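The values are calculated or read from the model by the stated rules, or taken from the named source; none is laboratory data. A quick note: this is a predicted structure, and the numbers were derived from the prediction, not measured. Positions of Cβ are backbone-derived with ideal geometry, glycine not excepted, and every protein chain shown enters the neighbour counts.
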C-alpha cells in the first residue's frame with residue numbers, strides 16, 4: 001500500500017486501518033502491530049503519530065459519534081414536516097446492516113466505558129446529543145400540532161434512543177432482528193408516543209424515493 005506523503009493523510013490512513021482491525025478482530029485484542037500491518041506501515045510509524053494506542057482509539061470513536069450526531073442532524077434539518085423528520089431520524093439512527101463499520105465500532109467500544117474515562121464521557125455525550133435531537137423534533141411537532149405526546153418529549157426521546165441501541169445491536173450482529181424489523185418496531189413505538197401514523201408517513205416517503 002502506498003504511503004501518503006503528508007501527515008494528515010497518514011493519520012487518516014491509520015484511523016481507517018484501526019477501524020477495520022477493531023471491527024474484524026474486536027477491540028480487546030488490537031495491538032499496534034495489527035494497525036501497522038493493516039495500514040502498510042511499520043509499528044514505529046504508528047507510534048510516531050499516535051504514541052498511545054488509546055489516543056488512536058479515541059479518534060476512531062469520535063468519528064463514529066459524529067456520524068450519529070452531526071451528520072444525522074444535517075440529514076433531517078432541511079425536512080420541514082415533523083412527521084417526515086421523525087421517520088428519517090429513526091432511519092438514520094440505525095446501522096445499515098452487519099457491515100456498517102462505524103456502527104459496529106460503537107458496540108465494540110461500549111463495554112470499555114466502564115473502565116476508560118474518555119469512552120464513558122464520549123458515550124454520555126453521544127446519548128445526550130441524540131436525545132436532544134429527538135427532543136427537538138418532538139417538541140417542534142407538538143408546537144405545530146402534528147404530535148400529541150403520551151409522555152414528555154424528553155421521556156419519548158430517551159426511549160427512542162434506547163430502542164435504537166438495543167435493536168441496532170441485533171442489526172450489526174445479524175441476529176434476531178433485521179434492519180427492516182428494527183425500523184418498523186421503533187416506528188410503532190414512536191407512532192403510539194406521538195399519536196401520528198408514522199407507517200403511513202414512511203410509505204409516502206418510500207413512494208417518493210422510488211417513484
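General remarks:
- Among the residues making up the stretch 144-153, a single one is without any contact (Cβ under 8 Å) to a residue 24 or more places away in the chain and either surrounded by 15 or more Cβ atoms within 10 Å (Cβ to Cβ) or not assigned by TED's automatic domain parsing to the domain that holds residue 94 (or both): 153.
- Residue match in the stretch 73-81 (condition: outside any loop (DSSP other than H, G, I, E, B), out of contact with any helix residue (DSSP H, G or I) (no Cβ under 8 Å at 6 or more places or on another chain) and outside the structural domain of residue 189 (by TED's automatic domain parsing)): no
- Within the stretch 56-80, restricting attention to residues that are loosely packed, with under 15 Cβ neighbours inside 10 Å and at pLDDT 85 or above, the residue that is farthest from residue 19 (Cα to Cα) is 80.
- Residue in the stretch 182-196 that is more than 17 Å from residue 91 (Cα to Cα) and outside any helix (DSSP H, G or I) present: yes
- Residue 33 satisfies every condition listed in (1) exposed (fewer than 14 other Cβ atoms within 10 Å of the Cβ); (2) modelled with pLDDT of 85 or more; (3) in contact with a helix residue (DSSP H, G or I) (Cβ under 9 Å, 6 or more places away or on another chain); (4) assigned to a loop (DSSP other than H, G, I, E, B) except (4).
- Residues within the stretch 171-203 that are surrounded by fewer than 17 Cβ atoms within 10 Å (Cβ to Cβ) and either farther than 18 Å from residue 86 by Cβ or in contact (Cβ under 8 Å) with a residue 60 or more places away in the chain (or both), tallied: 6
- Residue list for the stretch 52-70, restricted to those being over 16 Å from residue 30 (Cβ atoms) and in a loop (DSSP other than H, G, I, E, B): 68, 69
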